Amino acid sequence: MKLPSTLTPKNLLSILTKSLPEEQAAQELRWIQQELPSSSWLEAVIQRSNYKPLQYILGTQPFGNLELNCKEGVLIPRNDTEEWCIELQTVLKETKLTGLPNKLNVLDYCTGTGCIALSLAENQLADIVNSVTAVDYNPLAITLSQENLIKHRALVSSDVNFVLGDLLKRYIPPMKYDIDLLVSNPPYIPKQHLNIDGGVEQSVLQYEPQDALLGDLEFYDALADMAVKLKANAFVFELGYLKQAFEVKEKLNYYTGVGNTWQCGIRYDSGGGIRNVVGWRHKDLRTLGKMCHEMI
Amino acid sequence: MLLRCLSYSGKVGVNRAGLKLFNKCLYSTSNDDSIEVLHPSLLKKTKLLQDEFKLLESQLSSGVEFKIEQSKKYTKLSKIISIYNDYLENMNNYNELKLMLNDESLKDEVIEELKLTIPNLNKLTNKLKTNLLPDHPFANKPCLIELRPGVGGNESNIFTEDLLEMYIKYCQFHNWSYEIISKTINPSSGGKGIIEATLVINELGSYNRLRFEAGVHRVQRIPETETKGRIHTSASGVIVLPKIESNTNDPNARVFKNGELRIDVMRASGSGGQHVNTTESAVRIVHLPTGITVNIQDERSQHKNKDKAMTVLRARLAELEMREKAEKDRKERTGQVSSVDRSDKIRTYNYQQNRITDHRCNFTLYDLEGCMNGEKLDEIIDKVEQKETDERSQELINEIENV
């Protein structure tokens, strides 16, 4: 690329507008200038115009009250994920535990940056959440999520642990308590969709770890299995396709066998896409039904 | 000069026509060598309040538990009475000094003494007048200032940014905490000028001070872009809103009913989720009953943008409701729109003549630089505030006399 001879805001903007719509380019340039020293602006703008995610360039992504560190090799927290986590926080705050003896213990598989785990460990949920254990099979993710825990120590009051382990191998982390709530945002883009035609952005394909994206029913099968094995009372999983929600429902039935009391619903995000499968089997956690748009 | 005015004010008494003449005298000289007379109706009202205060005081000393309303009233009255006592003391002092003027041997000393007493007395008179008026419903609130360019193209965008700078410097001058929650740079002018901005000033009571800034601000100058040296006139609109906290401790806070708000968040078209890592974080909130729409996109966090949009929405609604109520009250009393309340062209910034003229009180400050850097803005606001106090006092006097 031919570089402009002087580094004026206009020149920086013109580099960005090669790859981004004008308004977005102006906005992102402002953020780059706010967050990075001026000596890094040119490099940042060039990287961004080559589709490197802004979150990797700036090193962070806001997520509710958190500002999570982001690094290449670990999936960037999505605002669609932020949206349901904030909804889940609201629902949990309104939840009264009458039948369940203790505050909730949460387990999160495929934690990545730790976004879901940390948002459920926030001070605002101190009255209802006791502990959060989070698992990822990628050592980079464990390092990063621990870094994010330290960064947000003041905002987090539950007992939080990040543990290396593989969901597909049915890994169960050491836990002091029985778990109540299982959450996960596993890789959910099937192979045939993991391309531009499948709706995946250039920036995602080029820069984000494929193993955090590529996946399908096998993960939902494993999650349903774990929900039953660990005697969870409720779960919230992120997903991208309706068949993944049905996989969870069917496998819950399969693994539970006789006496399946699970109730399942699906939730759409504010963009209208199917985004979650939600389930509960204890009456205290019926409140999760507020997140659902329809029962399955 | 001193003596002429003194003897004049002595004669003025309460005669309305005389008061006008007297005021002329007051303005044509300096404020410091004649006294401003407190209207007898206001004096009467103060005495009534004093009785009320004594009653409350005796209740308090006999151990009656005050409710919030009573306690508020007590605080307000005690402030008035304390100013009133100061006023009486200074008035006595002044009267004694005036008698002593007849003594030729003391005259010089007395005049010196009067030079100190009179400004003091005038300050107290004004303070008393202000405090006798009912407080503005949002007097103790922090505020939001919304700035929008008006007529005048790019020059108007640039002037709007100048005004934003002025208010920021004003905050810095007073050591007030502030935050720009929204600012959109004009894309068509090479980064110069803005299409909109919203400033939040977190200082309690800043609303009461800055509400006088609301209205159209006009600028007359040669724009930087003007090659032929012609003076252009352009304008910017300033809206000042009370900041209402969202927590329930604030009695002005409101709870929105289901379906009262429509909140739109920017979402990538298509699959969403893991498929996209969009940075779009814009939020739009529409208050359906009123149609008020707020767009915020400045923060990377959609969550924060939503909070900010709610702050703006609450402020706009509070202001709207306040204006509707004021309008209703006005109709009931068939009162007039105060000249300070009008939100048309309130002020002109003329760069060539180095002046700022406020059209509501006809005051001109010949220090444009001093105003734009935030240090002299108070001088203008003081005059507007004085004008409002005078008008509202007059309204109060009319009310008292018509009872």
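As a rough footprinting exposure proxy, the listed residues A:His152, B:His217, B:His136 were ranked by other beta carbons within 10 Å of their own, and the order from fewest upward is B:His136, A:His152, B:His217. The reciprocal of the average 1/r between distinct C-alpha atoms defines the Kirkwood hydrodynamic radius, which for chain B equals 24.7 Å. Note on B:276-289: average number of Cβ atoms from other chains within 10 Å of each residue's Cβ is 5.
Considering only B:Gln274, B:Gln172, B:Gln59, the Gaussian network model of chain B with Cα springs below 10 Å gives its largest mean-square fluctuation to B:Gln274. Contact order, relative form, for region B:261-330: 25 percent (alpha carbon pairs under 8 Å, 6 or more residues apart, mean separation divided by residue count). I want the local charge near A:Val106. Using Cβ-Cβ distances under 13 Å, sum +1 for each Lys or Arg and -1 for each Asp or Glu among the other residues. Counting the neighbours of A:Val106, the net charge comes to -3.
What the Cα convex hull of region B:211-328 gives, in volume per residue, is 196 Å³. Straight Cα distances below 26 angstrom link B:Lys304 to the lysines A:Lys52, A:Lys71, A:Lys93, A:Lys151, A:Lys290, B:Lys141, B:Lys169, B:Lys183, B:Lys243, B:Lys257, with same-chain residues fewer than 8 positions distant left out. Springs between alpha-carbon pairs under 10 angstrom, Gaussian network model over chain B: which of B:Asn131, B:Asn362, B:Asn258 fluctuates most? Looking only at B:Asn131, B:Asn362, B:Asn258, the largest GNM fluctuation is found for B:Asn258. For chain B, a crude dipole built from +1 on the beta carbon of Lys and Arg and -1 on the beta carbon of Asp and Glu, taken about the Cα centre, is about 1240 debye to the nearest 20. Around B:Lys243, what is the net charge, scoring Lys/Arg as +1 and Asp/Glu as -1 over all other residues with Cβ under 9 Å from its Cβ? With Lys, Arg at +1 and Asp, Glu at -1, the net is +1.
Note on A:Gln192/A:Thr17: beta-carbon distance plugged into 1/(1 + (r/R0)^6) with R0 of 25 Å gives a FRET efficiency of 0.15. One compactness figure for the protein assembly as shown is 1.26, namely its Cα radius of gyration divided by 2.2 N^0.38 Å.
Applying the Kirkwood pairwise sum to the alpha-carbon positions of region A:9-50 produces a hydrodynamic radius of 9.8 angstrom.
Using alpha carbon coordinates only, what is the Rg to Rh ratio of region B:261-330, with Rh defined as the Kirkwood radius? Answer for region B:261-330: 1.16.
Among residues other than B:Pro187 with Cβ under 10 Å from its Cβ, the summed charge is -2 (Lys and Arg +1, Asp and Glu -1). The mean number of Cβ atoms from other chains found within 10 Å of a Cβ in peptide A:193-206 is 3, as a whole number. In region A:184-241, the C-alpha radius of gyration followed by the widest Cα-Cα span (Dmax) gives 13.3, 40 angstrom. The relative contact order of chain A, computed from alpha carbon pairs under 8 Å that lie at least 6 residues apart in sequence, is 15 percent. Under 5 Å between amide hydrogens, built in the peptide plane, is the criterion, and for A:Phe162 it picks out A:Ala134 among residues at least 5 positions away or on other chains. Each label point was placed 7 Å from the Cα along the Cα-to-Cβ direction; for B:Glu369 and A:Gln210 their separation is 6.5 nm. Within the straight-line cut-off of under 16 Å between alpha carbons, the lysines reachable from A:Lys169 are A:Lys229, sequence neighbours fewer than 8 places apart in one chain being disregarded.
Each of B:Leu320, B:Leu365 was scored by other Cβ atoms within 10 Å of its Cβ. Listed from fewest to most, they are B:Leu320, B:Leu365.
When B:Lys123, A:Lys93 are arranged by Cβ crowding within 10 Å, least crowded first, meaning fewest neighbours, the order is A:Lys93, B:Lys123. Have a look at B:Gln302, B:Gln70, B:Gln386 and tell me which one the Gaussian network model of chain B (Cα, springs below 10 Å) gives the largest fluctuation. Evaluated over chain B, the most mobile residue of the options is B:Gln70. To the nearest ten degrees, helix B:16-28 and the longest principal axis of the Cα atoms of chain B are 70 degrees apart. Structural descriptor for chain B: relative contact order 14 percent, calculated from alpha carbon pairs under 8 angstrom and at least 6 residues apart. The smallest convex shape that holds all Cα atoms of region A:61-295, its convex hull, gives 113 Å³ per residue. Would you work out which of A:Leu118, A:Leu214, B:Ser246 lies farthest towards the positive end of the dipole of the protein assembly as shown, given +1 charges on the beta-carbon of Lys and Arg and -1 on that of Asp and Glu, about the Cα centre? Farthest towards the positive pole: B:Ser246.
Highest-first packing order for the peptide set A:199-205, A:234-240 is A:234-240, A:199-205, based on the mean count of other beta carbon atoms within 10 Å. Our helix-only sum for chain A, with -39,500 (n - 2.57) per DSSP H run of n ≥ 4 divided by its residues, gives a mean residue ellipticity at 222 nm of -10500 deg cm²/dmol.
If the Kirkwood radius is taken over C-alpha pairs of region B:94-201, then at 37 °C and 0.692 mPa s the Stokes-Einstein diffusion coefficient equals 179 µm²/s.
Bear in mind these aren't lab numbers, they're just calculated from the coordinates by the rules spelled out. In this text, all values refer to a predicted model and were calculated from it rather than measured experimentally. Because the Cβ atoms are built from the backbone with ideal geometry, glycine has one as well, and the counts that use them run over all protein chains shown.
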